1. Please determine whether any residue of the stretch 69-92 is polar (S, T, N, Q) and under 25 Å from E167 (Cα atoms).
2. Looking only at the stretch 150-159, filter to residues that are of a type outside the set (S, T, Y) and open to solvent by less than 70 Å² (accessible area, probe 1.4 Å); which one of those is farthest from S74 (Cα to Cα)?
3. Are any of the residues in the stretch 89-96 surrounded by 13 or more Cβ atoms within 10 Å (Cβ to Cβ), modelled with pLDDT of 90 or more and assigned to a helix (DSSP H, G or I)?
4. Before we move on, is S105 in contact (Cβ under 8 Å) with a residue 24 or more places away in the chain, hydroxyl-bearing (S, T, Y) and surrounded by 14 or more Cβ atoms within 10 Å (Cβ to Cβ)?
5. Given the residues A96, A77, A129, A59, which is the only one that is under 30 Å from Q148 (Cα atoms), free of Cβ contacts under 8 Å to residues at least 24 places away in the same chain and touching a helix residue (DSSP H, G or I) at 6+ places or on another chain (Cβ under 8 Å)?
6. Name the residue that is surrounded by the fewest Cβ atoms within 10 Å (Cβ to Cβ), counting only residues in the stretch 37-68 that are of a type in the set (D, E, K, R) and over 13 Å from K162 (Cα atoms).
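The values are calculated or read from the model by the stated rules, or taken from the named source; none is laboratory data. All values derive from a computational prediction rather than experimental measurement. Glycine also receives a Cβ, built like all others from the backbone with ideal geometry; neighbour counts cover every protein chain displayed. What goes into the accessible areas is simple: the full protein's heavy atoms, side chains included, and nothing from ligands, DNA or RNA. Shrake-Rupley method; radii C 1.70, N 1.55, O 1.52, S 1.80 Å.
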Amino acid sequence: MTDGWGTVAAAAIAVIGAFVGLFVGRRQVRDQAQVEHGQWLRGQRQEAYSTFLAAWDQAEKNFDGLVNSWEEESSIAREVEWHSGDGWESLGLDWARQTHESEQSVTGPLEAIYLLGPDEVQQRVGNMASALANMRGLLMGIPRLAEQGSADSAWQEHPRLKVAMIEARARFLDASRAVLQTAPDTGRKWFR
């Protein structure tokens, strides 16, 4: 009878070992898949963040170009206004078009970040979009205000809005850097 129990015990140990091996193997495969997905997501985020920053920098450069061209363009608008009466309107439409195009160039990359997250980065990129929209609103309104003779008060807002754009970009960089520098893991607190 003891020989029979030894065989039964060996079989039971083999069966239990097979189930433990199956459980550990499945867990390992699941953990590996989770880490690989995390690495893929981190790569997608890195691409989206880089694309967004390039579009943002170009939009900011375009806005700065408008600011730097103000003296020359307002002088031309005054002269055209004097001759044909539509200098300020023409300048306003041109600035509205340019600022709209610049803002729209950021929209696609911004939406990619909204899809990929995480929440902290989404919040920071939303702040950047608000700062860009505020600057666009200011720049769109300046030709109209210049026609009325009150553009100087609007120009006083420009430095504050420029600083808000710079600060929003810096906060986005901090949040995105934290996300990209964190290696993906399984999230398990044990068996590391």
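1. Kept after step one, since they are polar (S, T, N, Q), are these residues of the stretch 69-92: 69, 74-75, 84, 90.
Now restrict to residues that are under 25 Å from E167 (Cα atoms): 69.
For the stretch 69-92, residues polar (S, T, N, Q) and under 25 Å from E167 (Cα atoms): present.
2. So in the stretch 150-159, the residues of a type outside the set (S, T, Y) come out as 151-152, 154-159.
If we keep only those that are open to solvent by less than 70 Å² (accessible area, probe 1.4 Å) as well, we get 151, 154-155, 158.
Numbers: A151: 11, A154: 14, W155: 13, H158: 17 Å.
Result: H158.
3. Step one: of the stretch 89-96, the residues surrounded by 13 or more Cβ atoms within 10 Å (Cβ to Cβ) are 89-96.
The next check asks that each one be modelled with pLDDT of 90 or more; those that pass are none.
Looking for residues that are surrounded by 13 or more Cβ atoms within 10 Å (Cβ to Cβ), modelled with pLDDT of 90 or more and assigned to a helix (DSSP H, G or I), one finds none in the stretch 89-96, hence no.
4. Working: in contact (Cβ under 8 Å) with a residue 24 or more places away in the chain: yes; hydroxyl-bearing (S, T, Y): yes; surrounded by 14 or more Cβ atoms within 10 Å (Cβ to Cβ): yes.
Against the criterion (in contact (Cβ under 8 Å) with a residue 24 or more places away in the chain, hydroxyl-bearing (S, T, Y) and surrounded by 14 or more Cβ atoms within 10 Å (Cβ to Cβ)), S105 qualifies.
5. Details: A96 fails: free of Cβ contacts under 8 Å to residues at least 24 places away in the same chain; A77 fails: free of Cβ contacts under 8 Å to residues at least 24 places away in the same chain; A59 fails: free of Cβ contacts under 8 Å to residues at least 24 places away in the same chain.
None of the others qualify; the one that does is A129.
6. Quick first cut of the stretch 37-68, residues of a type in the set (D, E, K, R) only: 42, 45, 47, 57, 60-61, 64.
The next check asks that each one be over 13 Å from K162 (Cα atoms); those that pass are 42, 45, 47.
On the way: R42: 17, R45: 20, E47: 13.
So the residue we want is E47.
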